[in-house]
Structures are given as C-alpha cells and as structure tokens.
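J.: Let me give you the structure first, and then I'll get to my questions.
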Amino acid sequence: MVRPNDEFLLAWSSLSGNDSTLGWQVISLAPSGPVEVQAGRHSPTNVEAILFCFPTAKLARTEKLPDGQGFLIERAEPTHYGELRLALTRQEAGSIELFAAMVCDIVGALDGIAATGVDEAKLLRVLIERVVAWKQFMSRGANPLGLEAELGLAGELAIMNVLLESGIPTVEVLQGWVGPDDAPQDFLLGGGAIEVKATMSSSGFPVKISSLEQLDDSVASPLFLAAARFSREEDGHTLPGLVWETELRLGREPGVTSLFREKLMVAGYFEGHSSHYTRKFKLKEIQVFSVFEGFPRLTSGTVPAGITRTLYEINLDHAKDFLLDLNAALKKLGVIG
C-alpha cells in the first residue's frame, strides 16, 4: 500500500519554510496508527521533510540512523514530553521526485503494518528498515535494472514461487532469500543453500559464476544450483507481473509484503520503474543440480594459490550427471519431510 504523493506535494507547497525564525513549519497528515505523521520544511534550508512522532517508542542513543544519497533521517526536537520525533529530510542535491516516491512508500508501509495492530516499537523498526532498504537502493544508483540483472531477478522469483508451492512456510522462504544482499548464494534454507541461475538461451544452458564461493559446498552444504530457463513470448510475464504474481502467492499479509518489497528494493527493483520492464518471460523449465565433488566449477580449494577472484561461465548441459529432483533436494536441505 502506497500513499498518493499529492498528499505530500500539496502539504510541502503550502509551507514556505522561509520564516525568519529557525525551526520547523509542519502540517499534520493522516497518522499511521499511533504514529503522528507531519509534512514539514525546516528554516533556513527550506527542504522538504516528513516527521514521524512516536508517543512512547524509544530509540537507543547509540543507534546510528541511516543516511543516503538524497536524504537524511535524524532525531528532531519533540513537541511532547517523552515523544520520539524523527525527521526524514531531502538533501538539497536530492531529487524531489525520488524523495516523494520514497516518502509515499515508507508511509504506506507504516500504514499497512499499523493496520495489523502492532505496537509502536514494531512500527519504529519498520520505519528504520524501510529507510535502510531505500539507502541500499540508492547506493545502486536508483536506476532501472540492466537486462542481466532483470533476468536474474526473474529467475529468483521463479524459484521463490516453486519453493512456496512446495509447502515451505512463507516467512522461511522470504527470510532465506539473501540474494539481494549480495550473499554467495541466493537462498539459505535449512542446513544448506540454493544458488539460482537463469537463461533465455534455447540451446545449451550457459551461466555466469561470479565468485569462488558461489559453487563452493564448503561454504554451504548441501548446495544446489536451480537453473530456470525462460523464453520471450507474448503470453509471458513482465518483471512487474512476476512481482505481482509472487505477492499474491505470499498472501499479501502486511508484514510479509513489506519484507518482500524491502528485499526487492535492496535487489534494485523499484515499482516506479515498472514501465522500463517490457520484456516478457515465460518459464519453460527448472533444473536442479546437486553441487559436490566433480561438478564443473572453480573454488578456492581448486584454483592455484594466489587466485582470489574469478568470473567464469559454464554450460550446465555438461552437468547432467548432477541433476536431482527438486523434492529430493528440499528433503536434503531439511525443509520438507
């Protein structure tokens, strides 16, 4: 759930911020549960901000609040005794359009979680975690995903949907999705891991391996490689369509949806870029490979001393001896009976 940006843009436009007295000019907006939400400008900088007022929630003095390219979040002077007041402020060099989109998303996330009746402490964590997700998104350049990254994310979503269909609890799948965090493998599940690769090649199955750790079963064991083959067809789904389909399968519970969207942002996906993703993906097959001794790969234990980083390509057509049924792989991971 995302709040419309008109609510914030109109409020900011009605505030001059040029008052000779230093401090905040604010307009109260619809609250997020117990959290008061205010649009504001601060004199003398006159930049746009959103303030969140938590009546009783506490934030440790030692906790460092995240900042990023284009925004800053910091403590503001409370208006009531015992209140925690946080200001999310656009930096002067930051894009107003992107900042407005950020505000709509963050306040909308709070609205969704607040509707479930959680306490202020949980709402405070949601706010901080959402801001962190935006920081990571902006650190990637805040641009649409490139073609290779788009295909990679489509593959991870396809595998996520298969895992959900297998009966693994939703939260376990979502928390195990660590690919957006640049972890060596894309899913940490049970006692091991699953690395995901995707291709749109109709012949062979070429995949790029970006590190010595990615296919190293001494890093995570048991280790599996899930390979998703797509074709580009009119009855396929665009990347936003795959996101929507996955959200439906997740159940649209506010907490789960919020976590999913945070992970999407960390992966570099932002709904505001939806019009850029026009390719349609149709899933043709998924193959699962068990990665152990003899699998075509490079690891730190198999390359000469001194080699610390690699980028190489393998053709999975030459790894047929390592094919495994998905259910058998999930049983080895210990996530299904």
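J.: When residues of the stretch 52-72 are filtered for being surrounded by fewer than 19 Cβ atoms within 10 Å (Cβ to Cβ), of a type in the set (A, V, I, L, M) and in contact (Cβ under 8 Å) with a residue 12 or more places away in the chain, how many remain?
T.: 3
J.: Under the condition of being more than 11 Å from G241 (Cα to Cα) and of a type in the set (F, W, Y), which residue from the stretch 263-282 is farthest from the chain's Cα centre (by Cα)?
T.: Step by step, filter the stretch 263-282, then rank; the result is F270.
J.: Still on this structure: Can you name the residue in the stretch 273-316 that is exposed (fewer than 11 other Cβ atoms within 10 Å of the Cβ) and in contact with a strand residue (DSSP E or B) (Cβ under 8 Å, 6 or more places away or on another chain) and, of all such residues, is farthest from G141 (Cα to Cα)?
T.: Here the answer is E285.
J.: Take the residues of the stretch 284-317 that are in a loop (DSSP other than H, G, I, E, B) and among the aromatic types (F, W, Y): which is farthest from S231 (Cα to Cα)?
T.: Looking at the filtered set, the residue picked out is F292.
J.: Quick check: anything in the stretch 78-85 among the aromatic types (F, W, Y) and farther than 22 Å from V2 by Cα?
T.: Looking for residues that are among the aromatic types (F, W, Y) and farther than 22 Å from V2 by Cα, one finds at least one in the stretch 78-85, hence yes.
J.: Still on this structure, I have one more. Quick one: count up the residues across the stretch 267-283 that are among the hydroxyl-bearing types (S, T, Y), over 27 Å from I128 (Cβ atoms) and in a helix (DSSP H, G or I).
T.: Result for the stretch 267-283: 1.
J.: Taking into account only those residues within the stretch 119-151 that are small (G, A, S) and surrounded by fewer than 19 Cβ atoms within 10 Å (Cβ to Cβ), which is nearest to S95 (Cα to Cα)?
T.: For the stretch 119-151, the residue satisfying everything is G141.
J.: Next question, about the same structure. Of the numbered conditions (1) assigned by TED's automatic domain parsing to the domain that holds N327; (2) of a type outside the set (D, E); (3) buried (at least 24 other Cβ atoms within 10 Å of the Cβ), S166 satisfies every one except a single condition; which is it?
T.: The single condition S166 does not satisfy is (3).
J.: Return the only residue of L259, L248, L264 being part of a helix (DSSP H, G or I), surrounded by fewer than 16 Cβ atoms within 10 Å (Cβ to Cβ) and hydrophobic (A, V, I, L, M, F, W, C).
T.: It is L248.
J.: Okay, next question. Examine the stretch 73-91 for a residue that is crowded, with 21+ Cβ neighbours inside 10 Å and closer than 30 Å to R249 by Cβ, and state whether such a residue exists.
T.: No, that holds for no residue.
J.: Let me confirm something: among T257, T238, which residue is assigned by TED's automatic domain parsing to the domain that holds T278, closer than 27 Å to M138 by Cα, polar (S, T, N, Q) and at pLDDT 95 or above?
T.: The conditions single out T238.
J.: Here is a list of conditions, (1) β-branched (V, I, T); (2) at pLDDT 95 or above; (3) part of a loop (DSSP other than H, G, I, E, B), and V196 meets all of them except one; can you say which number that is?
T.: Result: V196 fails condition (3) only.
The values are calculated or read from the model by the stated rules, or taken from the named source; none is laboratory data. Since this is a predicted model, take the numbers as computed values, not measurements. No Cβ is skipped: glycine too gets one built from the backbone with ideal geometry, and neighbour counts run over all protein chains shown.
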